[in-house]
Amino acid sequence: MAQEPHVIFYDLILPNEPGVVWSPNTCKTRFTLNYKGIPYKTVWLTFFEVHSEIPKLTKSGRKPSVPVIVDKLNGDKVVQDSWEIAKYLDEAYPDTPRLFNNDFGTQLFFYNYATKHIVFQVFKLVLPNLLHGCGDMKEWFITSREAIFGTSLENVRGNPEEQAKILAENLEPIGTVLKEYPYVNGHQASWSDIMLAAYLHLLFSFRPDLFNTLVLNHQKNGKQLNDWWKRMEKLYIKMNLPSESL
Ligand SMILES: N[C@@H](CCC(=O)N[C@@H](CS)C(=O)NCC(=O)O)C(=O)O
């Protein structure tokens, strides 16, 4: 009989888009587990369930969020936050492909760059899709995001054409690196690649048209980004859809 996976991975589902693996934060962990070849079982939660279920696991008083993993091989160790999970898995599973090579500072720098300048731009472009996906959680989503941003979501969204142009510009320095090296950090794949792939996956999931024009056919670095994406698909981007893993 097949062994039950020992890592339980909490991911986010949109009620109106039940077959879509979309969340950029949880995809960082999903791709990490795929890359390392660590078997896992996905537990799908809605936003409301994140708030009711995650505090029962973390018992930390920390704001409920996913990804969270529970590692049954290590005394039901609970780890919250994609960055903490990545570091934990590198240490706990040293025989699997590594994400960090004592280069936490530069990888954290790239993490901050990509979070501010890549995924936030993608978020603005897919906002209508997310709102649709939220279904009856839409009003909650709007109110809670507007409280975070301190302004209306219409303001955050801005002009989609301008936002698309900014995303393409923000991808330029990354494409420049990929002209010289196969991966963001050089010759080896690392956490930075996983994170970038997870962030761009949000665009891929909801706006494949924009993913094609802005990433795969990027005005300056389309070839590099295209080749890199193909490498990523081989390494990490294996999906198990909600219906398959429930
Ligand atoms: N820095 C965190 C961010 C986690 C995060 O914001 N996750 C979102 C899902 S994409 C969440 O759980 N949100 C719950 C909420 O907004 O109430 C990480 O990388 O894990």
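The values are calculated or read from the model by the stated rules, or taken from the named source; none is laboratory data. None of these values were measured; they are calculated from a predicted model. Note that each Cβ is placed from the backbone with ideal geometry, even for glycine, and that neighbours are counted across all protein chains shown. Just the protein is used for accessible areas: all its heavy atoms, side chains included, with ligands, DNA and RNA removed. Shrake-Rupley method; radii C 1.70, N 1.55, O 1.52, S 1.80 Å.
Here's the picture: charge each Lys and Arg Cβ at +1 and each Asp and Glu Cβ at -1 in the range 1-117, and of Val7, Ala92, Leu45 the one pushed furthest to the positive end of that dipole is Leu45. Per-residue SASA remark: Tyr113, around 50 Å² accessible (1.4 Å probe; ligands, DNA and RNA not included).
Protection proxy ranking for 223-229, 147-153, 87-93, using the average of other Cβ atoms within 10 Å per residue and placing the highest first: 223-229, 87-93, 147-153. Across the range 78-138, the convex hull enclosing all Cα atoms gives 125 Å³ per residue. Ellipsoid semi-axes for the range 104-235, based on the Cα gyration tensor and the rule √(5λ), read 27, 16, 14 Å when sorted largest first.
Amide H contacts of Val43: Phe9, Tyr10, Asp11, each under 5 Å away and 5 or more positions distant or on a separate chain (H built 1.01 Å from N in the peptide plane; Pro and chain starts excluded).
Sparse packing (at most 14 other Cβ atoms within 10 Å of the Cβ) combined with a DSSP loop state is found for the following trypsin sites (Lys or Arg not before Pro) in the range 9-69: Lys59, Arg62.
The count of lysine pairs in the range 104-235 with alpha-carbon distances below 20 Å, taking only pairs 8 or more places apart or on different chains, stands at 12. Across the options Asn129, Ala114, Asn159, the greatest Cα extent toward the positive end of the charge dipole of the range 104-235 (unit charges at beta carbon of Lys, Arg, Asp, Glu) belongs to Ala114. Excluding same-chain neighbours fewer than eight residues apart, the lysines reachable from Lys59 by a Cα-Cα span under 18 Å are Lys72, Lys77. Would you mind getting the Kirkwood hydrodynamic radius of the chain from its Cα pairs, rounded to one decimal in Å? For the chain, the Kirkwood estimate is 18.7 Å. As an equivalent ellipsoid, the range 7-100 spans semi-axes of 21, 16, 11 angstrom, where each value is the square root of five times an eigenvalue of the C-alpha gyration tensor, largest first. Rounded to the nearest 500, the helix-only mean residue ellipticity at 222 nm of the chain stands at -17000 deg cm²/dmol, with each DSSP H run of n ≥ 4 adding -39,500 (n - 2.57). Charging the Cβ of each Asp and Glu at -1 and of each Lys and Arg at +1, and nothing else, the dipole of the chain about its Cα centre rounds to 240 debye. Packing-based ranking of 214-220, 154-160, 5-11 yields 5-11, 214-220, 154-160, ordered from highest to lowest mean Cβ neighbour count within 10 Å. For the range 109-131 versus the range 31-86, the spacing of their alpha-carbon centroids is 22 Å. If R₀ is 25 angstrom, what is the calculated FRET efficiency for the pair Lys238 and His132, using the beta carbon separation as r and rounding to 0.05? Given R0 = 25 Å and the Cβ-Cβ separation, E is 0.45.
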